[in-house]
Structures are given as structure tokens and as C-alpha cells.
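Asker: Take this structure, written in C-alpha cells, and hold onto it; I'll ask about it next.
The values are calculated or read from the model by the stated rules, or taken from the named source; none is laboratory data. All of these numbers come straight from a predicted model, not from anything done at the bench. Note that each Cβ is placed from the backbone with ideal geometry, even for glycine, and that neighbours are counted across all protein chains shown.
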């Protein structure tokens, strides 16, 4: 409580808060410094100069997944969309289908390939988008 009283007396006699603070530090023998070790615990989410950037951290490798051989009718959850783009090499239009699988993977395939692998799913997509 003594330091609080001393601070209040300094504030009354000083013109600004910064002067009062400076006077207080002079009276107590200088600005206090933080001593001791940092508290142990979880690291903060804020990045410091010594922390590793998020992009450089080890990322868990996912196993590569590929579509099954044979018919895909029972493996495909839905046809998400059909897109058309111009092939830069040939100048011809190409159509691609985005497929959502039962395991929630998403892949892109040429339309003619989908006609062979899962024609009923493609038909269902067309019916839904009439």
C-alpha cells in the first residue's frame, strides 16, 4: 500500500502521467524488471520470432487413394458437376465430371470414362438437372 500512496502523491505533483511514472521509478530505484522463468504450459497460437511457421511444420501424410477397378456404381456417392473447357493443345472442347465417392474423396474424370464406369450415376445426375 505504501507504493500506491507514494504514486498518488507523485501524480498530484506531476504535470503528466508519464512524468509521474518517471518520478515513481526514480523514487523506487529504477524501473522493475521481470525475473524468473516463464510459466510452463501450452504454447500460444501467436507466432514468435523463434517459432516454426505453420507451412514448415510436418504435415501428416495421407495415403494416396485411387478409384477401384471395374464398375464404380456402388462406390460413387454422387456426380457433383460436369464442366467443359477448351484443351490448349488441341483447341477442342473437353468435358470433365467431378465425382464424390462414398469415402468423401473427390476426383475428376473425363466424361467418356464416367459413361463406362458408372452410367447409372451419370443418368441420375442428368435426371436431377433437367
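Asker: Could you tell me whether residue 78 is assigned to a strand (DSSP E or B) and either touching a helix residue (DSSP H, G or I) at 6+ places or on another chain (Cβ under 6 Å) or without any contact (Cβ under 8 Å) to a residue 60 or more places away in the chain (or both)?
Answerer: In short, yes.
Asker: Right, here's the next one. Pick from 57, 63, 37: which is modelled with pLDDT under 90, under 34 Å from the mean Cα position of the chain (by Cα) and closer than 30 Å to residue 111 by Cβ?
Answerer: Exactly one residue qualifies, and that residue is 63.
Asker: I'm trying to understand the selection: among the residues of segment 99-115, which are over 14 Å from residue 75 (Cα atoms) and under 33 Å from the mean Cα position of the chain (by Cα)? Outline the logic, then answer.
Answerer: Our first condition is that a residue be over 14 Å from residue 75 (Cα atoms); within segment 99-115, this holds for 108-113, 115.
Within segment 99-115, 108, 109, 110, 111 qualify.
Asker: Within segment 81-104, how many residues turn out to be surrounded by fewer than 14 Cβ atoms within 10 Å (Cβ to Cβ) and either in contact (Cβ under 8 Å) with a residue 24 or more places away in the chain or part of a strand (DSSP E or B) (or both)?
Answerer: Residues in segment 81-104 being surrounded by fewer than 14 Cβ atoms within 10 Å (Cβ to Cβ) and either in contact (Cβ under 8 Å) with a residue 24 or more places away in the chain or part of a strand (DSSP E or B) (or both): 11 in total.
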